[in-house]
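First comes the structure, then the notes that go with it.
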Amino acid sequence: MKILAVCGMGIGTSVLLKSNAEKAANDLGLDADVEIADIGTARGAAATADVVLTSGELAAELGDVGIPVVVVDNFVDGGEIREKLGAAVGR
């Protein structure tokens, strides 16, 4: 499974989100590769991903990319990420 962690610039918060998404995926028993992207490249990168994790603001900007877009309110809250990722992938 490929998870795309998206932030505005693809540098700061997406790295934090990536780390917490990897932990959440592991907790859920998912064999996942988490990659980071900025908002500009996320649409193209979503073509090869299974799920996108991002903020509400950026989810609205991304629009429909053909895969689940999970809105994460707090990028440091591992429980929130685990719960929402699990719901998106049926775990």
**Message:** I'd like the distance between the alpha-carbon centres of the stretch 68-84 and the stretch 1-67, rounded to an integer number of Å.
**Reply:** 11 Å
**Asked** Gain in length, residue 9 to residue 74, computed as 0.36 nm per residue apart minus the alpha-carbon separation, to one decimal in nm?
**Response** 21.7 nm
**Message:** Starting from 0.36 nm per residue, how many nanometres of slack lie between residue 1 and residue 31 once their C-alpha separation is accounted for?
**Reply:** 10.2 nm
**Request:** Could you line up 41, 48 from fewest to most neighbouring Cβ atoms inside 10 Å?
**Result:** 48, 41
**Item:** In nm, spacing of pseudo-spin labels at residue 91 and residue 61 (7 Å Cα→C-beta vector)
**Value:** 2.8 nm
**Asked** Modelled label-to-label distance, residue 38 and residue 23, 7 Å Cα→beta-carbon offset: nm?
**Response** 2.7 nm
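How much of the calculated P(r) for the stretch 2-85 lies past 21 Å, in percent of all Cα pairs?
Tail fraction, whole percent: 15.
Coordinate-derived values only; no laboratory data. What you see is a predicted model, and the numbers here were worked out from it, not measured in a lab. With ideal geometry, Cβ positions are generated from the backbone for all residues, glycine too; neighbour counts draw on all protein chains shown.
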